[in-house]
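Please read the structure below before turning to the comments.
Here, each number is a calculation from the coordinates, and none is a lab measurement. These numbers come from a predicted model, not from an experiment. With ideal geometry, Cβ positions are generated from the backbone for all residues, glycine too; neighbour counts draw on all protein chains shown.
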Amino acid sequence: MSNNREKGGYGLTFFKPGTPARVKARSTIFFIILFVIIFIQAFYWLFANSATPHVMGMPFGMFFIALFIGIEFAVLIVLYFLEAKDTNKGGDA
């Protein structure tokens, strides 16, 4: 997406000018992964609407929500450490 602000127009800028393509691709992939996880959580009731199977002492619906919160946390931790590594290298991520 081009930076229309420099030309005096309006527009959305998702990345700073000069951001490497590798960082843009990785950020986009993490955004898509997190979006899919959150979207699946919104419709968990379609396939996790049962209290009978107990997993780790919790009804399946509650386990499903806790599992996906844990997955989101893990993905965000990985993203945090990858961005910290880029910052230590002197990159402007």
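Could you list Met56, Met62 so that the one with the fewest beta carbons within 10 Å of its beta carbon is first and the one with the most is last? Lowest to highest Cβ neighbour count: Met56, Met62. In angstrom, the C-alpha Rg and Dmax of region 21-88 are 15.5, 49. For region 20-72, chymotrypsin sites (Phe, Trp or Tyr not before Pro) are listed when DSSP marks them as loop and at most 14 other Cβ atoms sit within 10 Å of their Cβ; the list is Phe43, Phe47.
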